[in-house]
Amino acid sequence: MKQVIVARTDIGMGRGKLAAQVAHASLSAYEDADSRTRKKWKGEGQKKVVVKARGEKELFRLADLAEREGLPHAVVRDAGHTQLDPGTVTALAVGPGQDNLVDKVTGDLSLY
């Protein structure tokens, strides 16, 4: 079991902003999972991987793939209080889910 968080590289997020957006995505997708999946993922150590996306279109394409695979997922939009405009799409979390299913969606992406 794992979760992959896909973060945009084209919007110039600072390290702190990136960390916050990754955390938002991770928690939101976790909440989207059923209780059995959440329990199993927690029991296996909550593996997370952060990868890069080139833009908003890529995040939505991946979210659509995650939906078709039946995976929990969450798209994050920034509130706009600091570095980004309100509503800016920053990250996508896919999973928790079985490694092979998550890899069908995110396996071709580079590590952040």
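What follows is calculated from the coordinates using simple rules that are stated; it is not laboratory data. Just so we're clear, the structure is a prediction, and the values are computed from it rather than from any experiment. Because the Cβ atoms are built from the backbone with ideal geometry, glycine has one as well, and the counts that use them run over all protein chains shown.
Non-local lysine pairs in the chain, meaning eight or more places apart or on different chains, with alpha-carbon distances under 27 Å, amount to 28. Calculated FRET efficiency, Ala79 to Arg36, Cβ-Cβ distance, R0 = 35 Å: about 0.65 to the nearest 0.05.
So what is Rg over Rh here for the chain, counting just Cα atoms and using Kirkwood for Rh? Mind showing how you got there, number by number?
Details: Rg = 13.1 Å, Rh = 13.7 Å.
Across the chain, the Cα-based Rg/Rh ratio is 0.95.
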